1. When only residues in segment 133-149 that are outside any helix (DSSP H, G or I) and under 21 Å from Leu284 (Cβ atoms) count, which is nearest to the ligand (Cβ to nearest atom)?
2. For a quick check of your reading: which strands (runs of 3 or more DSSP E) sit entirely within segment 342-418 and have at least 2 residues that are among the hydrophobic types (A, V, I, L, M, F, W, C) and buried (at least 19 other Cβ atoms within 10 Å of the Cβ)?
3. Considering only segment 236-256, state which residues are within 14 Å of the ligand (Cβ to nearest atom) and among the hydroxyl-bearing types (Ser, Thr, Tyr).
4. Is it true that Tyr294 is of a type outside the set (A, V, I, L, M, F, W, C), farther than 15 Å from Pro233 by Cβ and in a loop (DSSP other than H, G, I, E, B)?
5. How many of the residues making up segment 167-206 are more than 15 Å from the ligand (Cβ to nearest atom) and part of a loop (DSSP other than H, G, I, E, B)?
6. When you look at Lys216, is it over 22 Å from Met140 (Cβ atoms), among the basic types (Lys, Arg) and not in a helix (DSSP H, G or I), yes or no?
7. Out of all the residues in segment 150-158, is one or more modelled with pLDDT of 90 or more, crowded, with 23+ Cβ neighbours inside 10 Å and within 6 Å of the ligand (Cβ to nearest atom)?
8. Residues of segment 116-132 being more than 16 Å from the ligand (Cβ to nearest atom) and either part of a strand (DSSP E or B) or at pLDDT below 90 (or both), which ones?
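The values are calculated or read from the model by the stated rules, or taken from the named source; none is laboratory data. Everything numeric in this text was worked out from a predicted model, so none of it was measured. Here the Cβ positions follow ideal geometry from the backbone for every residue, glycine too, while neighbour counts run over all protein chains shown.
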Amino acid sequence: MMELFASRMSCSLPKPQFPRFQRPHAPTSHRPLLLTGGATASFRARVATPGAEWTRSRLASSETHEQLCVREEVESTSYDSSDDESSYLSLSEKPDRNTALLDDYEMEELEFAPDTNHKSGYVAVLGKPNVGKSTLANQMIGQKLSIVTDKPQTTRHRILGICSGPDYQMILYDTPGVIEKKMHKLDSMMMTNVRSAALNADCVLVLVDACKLPEKIDEVLEEGVRDLKYKVPTLLVMNKKDMIKPGEIAKKLEWYEKFTEADDVIPVSAKYGHGVQDVKDWILSKLPVGPAYYPKDIVSEHPERFFVAEIIREKIFLQYRSEVPYACQVNVVSYKNRPTSKDFIQVEIVVEKNSQKIILIGKEGRALKSLATAARLDIEDFLQKKVYLEVEVKVKENWRQDEGLLKNYGYGGQIRAI
Ligand SMILES: Nc1nc2c(ncn2[C@@H]2O[C@H](COP(=O)(O)OP(=O)(O)OP(=O)(O)O)[C@@H](O)[C@H]2O)c(=O)[nH]1
């Protein structure tokens, strides 16, 4: 994961002119995606300088910051249907291009100098598992939003990342890898989310792995852009070109140009940032003219608690082997902002079987302790403040097959906002 922090960031984001909360006339009531409450709703863009953010400037302390609550009961699956619909943030609806999300300050800016050359739109990033979709999306945004591991199918949610420049705004949907065999209800719901990302898109990137034998992308297109009324401009991005010889790159490019339906093909190395600017230029050539959907200093609409859960999930993937990470769901149960002390974050890790819980906890709780410490340190780096993290492990049998639970966990195209 650290490799990405150190890698070159290709997107330079404009410096906010004012700290967001000090802007004049910036009411929050009409900003449905900028939420208040336990977690500040969205992340402020931090200007991307190499290695500047998430630099692991550890907050040295000898205190114990994690509390491990290991509950022994095995819970049957249950879904709290009393959840208020209004506390969910829809990920499947594309907002109207009506600048409703901009505050008064930004509206004034727009009225003052409407930019007829400004482009904006949605970009779906599709591909099979492990081809480097998240790595590319992170590079383009200039900040790590999606977790990256060497294991397939780590991305489960559609991650919305915003990449802005003075005269453009690209809204990227990093999607879960397209899979053929849908083993669980979770897999089918993830694929529904892939489709709705493509439905919203002004253009589509289909990533393939340059190291693999070339193969048609019909399956990905089938899953992603099937049933679309009109053809969306499609770019085939041949990623991981750093892993193969230049001669091979040319041969594979030729194959993809000949045998796939993509409009164009670009070779890149998302990991090292090579070719990423070409991809951005291609997107810009396809996006329609229009104003920004979001304020320019915001890089995601997901609430902080969403990223906290993702960081913990990444640590699970890094620490545990085989099937265990896939059986884990991480929920932030409570997130309390405490201006005068550490933020309090209470997290539950849900597994399917007691045997998985035993592995997760480890002998005398050591494995869970080490997971919680690693997660807390990265969460602190990400939030730029100290936190108190409480981790609890629960068993909910077959949660991956339970539609109600899956919706509650955010796989129905909505995430819990408060
Ligand atoms: N050598 C090399 N490795 C890369 C490149 N891009 C991504 N990777 C590695 O490929 C692995 C998978 O990358 P991800 O970005 O998580 O892939 P993904 O397509 O989002 O994966 P899913 O979550 O399975 O959908 C990680 O180990 C990355 O470091 C690249 O350009 N070159």
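1. Within segment 133-149, the match that is nearest to the ligand (Cβ to nearest atom) is Leu145.
2. 343-351, 387-396
3. none
4. In short, yes.
5. The total comes to 5.
6. So Lys216 fits the description; yes.
7. Taking segment 150-158 first, the residues modelled with pLDDT of 90 or more are none.
No: zero hits.
8. Thr116, Asn117, Lys119, Ser120, Gly121, Tyr122, listed by residue number.
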